[in-house]
Amino acid sequence: MNLPNKLTVFRIILIPVFMLIVIFGGDAKVEVFGSTIYWNLVIAAVVFAIASYTDWLDGHIARARGLVTNFGKFADPMADKMLTMTAFIFLVELDLAPAWIVAIIVCRELAVTGLRLIVVENNGKVMAAKMPGKIKTTCQMLSIIFLLCGDLFHIGTILLWVALIFTIYSGYDYFHSSWDVFKGSM
């Protein structure tokens, strides 16, 4: 197994670690600028940040060294979705993010993943991530980190709204540019 794939597997392993820290982390907290910060959530945010960094790192290494594999094409985006969806579900449980925003994000992720499968089946090509999708992912990951860290100055909330806008826009963009795969099948 090459290094990028090991980083992807490591990211998947960090998901239950993140979950356990959130669930069993305790109630230790501190007040900062009017925000309550729970230490277990800060630790969970660090774990999430490390996992998120491996998302960028494994792709960078794979492209730079020519180590792109079928496993990586499958597992890397799946690990990204598993990580962010898990974190968003916990944010709803912790009352740190509105369920309706998370539902839109999850539905978009599932729809675009399905679209990618259809595009590969019809065209034999992997649908590459576009810039709006990359901005969406970055904003989602940063919003999760800031929300877990007490949402100081509402940075996490602002990033969540930006993520929502790019989630909707990038979903539309993917479907609009790939709509031809549905012609004749409706």
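Kindly indicate which of Phe24, Phe71 is surrounded by fewer than 15 Cβ atoms within 10 Å (Cβ to Cβ), touching a residue at least 24 places away in the same chain (Cβ under 8 Å) and of a type in the set (A, V, I, L, M, F, W, C).
Criteria check complete, one pass: Phe71.
Charged (D, E, K, R), assigned to a strand (DSSP E or B) and either closer than 16 Å to Ile145 by Cα or modelled with pLDDT under 95 (or both) - does that describe any residue in the stretch 31-50?
Within the stretch 31-50, one or more residues are charged (D, E, K, R), assigned to a strand (DSSP E or B) and either closer than 16 Å to Ile145 by Cα or modelled with pLDDT under 95 (or both).
Among the residues of the stretch 4-56, count how many are within 16 Å of Leu142 (Cα to Cα) and not aromatic (Phe, Trp, Tyr).
The number of residues fulfilling the criteria is 13.
Give the residues of the stretch 154-186 that are closer than 16 Å to Leu117 by Cα and acidic (Asp, Glu), sorted by residue number.
Of everything in the stretch 154-186, just one residue is closer than 16 Å to Leu117 by Cα and acidic (Asp, Glu), namely Asp180.
Consider the stretch 162-173. How many of its residues are under 22 Å from Phe88 (Cα atoms) and touching a residue at least 40 places away in the same chain (Cβ under 8 Å)?
Residues in the stretch 162-173 being under 22 Å from Phe88 (Cα atoms) and touching a residue at least 40 places away in the same chain (Cβ under 8 Å): 6 in total.
For the condition at pLDDT 95 or above, surrounded by fewer than 21 Cβ atoms within 10 Å (Cβ to Cβ), more than 13 Å from the chain's Cα centre (by Cα) and not aliphatic (A, V, I, L, M), what is the one hit in Glu121, Glu93?
Glu93
The values are calculated or read from the model by the stated rules, or taken from the named source; none is laboratory data. The shown structure was predicted, so the numbers you read here are calculated from the model rather than taken from an experiment. Note that each Cβ is placed from the backbone with ideal geometry, even for glycine, and that neighbours are counted across all protein chains shown.
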